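Read the structure below first, then the notes.
What follows draws every value from the coordinates through simple rules; no lab data is involved. Remember, predicted model here, so these are calculated numbers, not experimental data. Reconstructed Cβ throughout: ideal geometry from the backbone, glycine too, with neighbour counts over all protein chains shown.
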Amino acid sequence: MKKDYRIGVLGSGFIVSECHLVSYQKEGYNVVAIASRTKANAEKAAERFGIETVYHDYEALLDDASIEVLDIAVPPQQQPGLIRAACERGTAKAILAQKPLALELAEGRALVEACEAAGILLAVNQNMRHDPSVRAAKELLESGQIGDPVFATIDMRGIPHWQPWQEEIGSATLKIMSIHHLDCMRFWFGEPERLFCSMRPDPRTTFPHEDGICTYILEYANGMRAVIIDDVWTGPAQEGCPGDIRIEWRVEGMGGVAIGDLGWCKDPYTSPSSIRHASKGDDNFKRPTLEGSWFPDAFGGTMRDVFTALETSAPCALSARDNLRTLALIEAAQLSAQEHRAVSLSEI
């Protein structure tokens, strides 16, 4: 795979400095320029990771016609404007955008169409798909070792680092963590027919929001069911009560079962992912050793998908057009919670 595409990074916050650039350096990717709202932060990242050019603002980096891949890592309310600005210039070959691609499905669709018109590959950094345990589960499903899936769960009891921009969009969980878990179910099982969502505010989070603790039920046409619990409170775990911090998933099929741990939100904050699985006839669970963790290793995988698509001209595994279906799940969840009913995806 060609690794020396010239990457320009827009943003220099935690996710860039501790995930994107750490993983890109490990993979040997060619990051040549960076820009941020605060130039001093971009300079710190450039010095740490050996990035040759620091631009004084986003527009200056976008004006650099030598940049082949734009890695956009800014708050979601700022991202659409940068994508449109890149389309106006038409010099980049690809854009790796963050999730959510847009705050509304209609705007996400407009961004996809703008990039297609400009001839720019647009991908979305749904990096949970590249967590080692999630990839291992996908392989087990595709190989038939679990058999036809019957029931799946993702159970998050973790306290993420809230970002200041979340208060601006009034979202604590749905568009921050749940979007990963809903997308993961799509990655494993395809499109559900309908979704039910129940949510309540997180008692610890002070800014106004509705989506603190969220629960989702996904119904599939073949009878398969999936449940997601996103609990960012986990009881008074920061107020003197012992916590049980984890993100676990479980897939049960007619032929076996697989159970995984994403190794995130723990102490240390990111730990190796793990999996155990068994099929009919096994005496015990198999416990293969997985390489890497969700944060930061998965971020090298999402950029690898972009490189592969550029090199082969094949559809990108994380294409933004496909990701519109994940945004549709977000809108279905919002409608379900507002109207206290199951929402068919055909309504969105």
### Task
Scan the chain and note any complete DSSP helix (H) whose C-alpha atoms cover at least 24 Å along its axis and whose Kyte-Doolittle average is -0.5 or more.
320-339
### Message
Out of all DSSP beta bridges in the chain, what portion is antiparallel? Express it as a percent rounded to 5.
### Response
60
### Task
Calculate, for ARG276 and GLU18, the FRET efficiency according to 1/(1 + (r/R0)^6) with r their C-beta to C-beta distance and R0 35 Å; round to the nearest 0.05.
0.80
### Task
Please give, to one decimal in nm, the separation of the simple spin-label points placed at ILE229 and ASP148, each 7 Å out from Cα toward the Cβ.
2.8
#### Entry: Among [x] 64, 36, 21; [y] 32, 23, 22; [z] 43, 24, 22, the entry derived from the coordinates for semi-axes √(5λ) of the Cα gyration tensor in Å
[y]
### Task
Take the Cβ-Cβ distance between ARG287 and ARG200 as r, set R0 to 41 Å, and report the resulting FRET efficiency rounded to the nearest 0.05.
0.65
#### Entry: Additional length obtainable on full extension of the chain from TYR269 to LYS93, 0.36 nm per residue less Cα span
59.9 nm
#### Entry: Peptides ranked, highest mean first, by Cβ atoms within 10 Å: ranges 57-66, 123-132
123-132, 57-66
### Query
Which cross-chain or sequence-distant (5 or more) residues have an amide H under 5 Å from the amide H of TRP264, H modelled 1.01 Å from N in plane?
ILE247, SER271
### Task
Once you have a ≥ b ≥ c as the square roots of the Cα gyration tensor eigenvalues for the range 142-233, tell me rounded if a/c is under 1.5, and otherwise prolate or oblate according to whether a/b is larger than b/c.
prolate
### Query
Can you sort CYS115, CYS87 by how many other beta carbons sit within 10 Å, fewest first?
CYS87, CYS115
### Query
What is the total of Lys pairs in the chain with C-alpha atoms under 26 Å apart, excluding same-chain pairs fewer than 8 positions apart?
27
### Task
Would you mind working out the magnitude of the charge dipole of the range 56-156 relative to its Cα centre, with +1 at each Lys and Arg C-beta and -1 at each Asp and Glu C-beta, to the nearest 20 Debye?
160
### Query
How do ASP267, ASP183, ASP71 rank when sorted from fewest to most other Cβ atoms within 10 Å of their own Cβ?
ASP267, ASP183, ASP71
